[in-house]
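Encoded as structure tokens, the structure appears first; notes follow it.
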Amino acid sequence: ELFLEESDEVIARIGSSTGAALGRDLHFLKGSALNLGLQSLAQLCQEGERLCNAGQGDAVDLRRLAETYHSAKASFREGLAQRSAA
């Protein structure tokens, strides 16, 4: 749940983040996603982080990133619910 709370905050502000702040937010999301096995999200964050480091933060597909996050979040919650039911 802590991942979801912190990640929701980052996703909410990521649309207005630029440059180094965007890179930091993507780095945070990447680390959290990797810890939870959310490979697709981590991969998108890594690519975005690479673009930010190259000075091309405006090329990060924030819409795709948010969609992937929300999909991963739903899958994660579903997995938590299944574990609780077992």
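Under a point spin-label approximation (7 Å from Cα along Cα-to-Cβ), what is the residue 2-residue 61 distance to one decimal in nm?
Result: 3.3 nm between the two label points.
Using 0.36 nm per residue, how much length does the chain from residue 20 to residue 53 gain when fully extended, once their Cα-Cα distance is taken away?
Taking 0.36 nm per residue and subtracting the Cα distance, the gain is 11.1 nm.
Run the helix sum for the chain: -39,500 (n - 2.57) per DSSP H stretch of 4+ residues, divided by residue count, reported at 222 nm to the nearest 500 deg cm²/dmol.
Dividing the helical sum by the residues of the chain leaves -27000 deg cm²/dmol.
Could you work out the relative contact order of the chain? I mean the mean sequence separation of Cα pairs under 8 Å and 6+ apart, divided by the number of residues, in percent.
The normalised contact order for the chain reaches 26 percent.
How long is the gain from residue 13 to residue 40 if the chain were fully straight, where each residue apart is worth 0.36 nm and the alpha carbon distance is subtracted? Write out the running numbers ahead of the final one.
Details: separation 27, 0.36 × 27 = 9.72 nm, distance 2.04 nm.
7.7 nm is the gain from fully extending residue 13 to residue 40.
Ordered by packing density, taken as the mean number of other Cβ atoms within 10 Å over each peptide's residues, highest first, how do 46-57, 2-13 rank?
Going by the mean number of other Cβ atoms within 10 Å, highest first, we get 46-57, 2-13.
Can you tell me the accessible area per residue over the chain, all protein chains present, probe 1.4 angstrom, in square angstrom?
Dividing the accessible area of the chain by its residue count gives 62 Å².
The values are calculated or read from the model by the stated rules, or taken from the named source; none is laboratory data. What you are looking at is a predicted structure, and each value in this text was computed from that prediction instead of being measured. Quick reminder, even Gly has a Cβ in these numbers, built from the backbone with ideal geometry, and neighbours come from all protein chains shown. Side chains included, ligands, DNA and RNA excluded: accessible areas come from the protein's heavy atoms. Shrake-Rupley method; radii C 1.70, N 1.55, O 1.52, S 1.80 Å.
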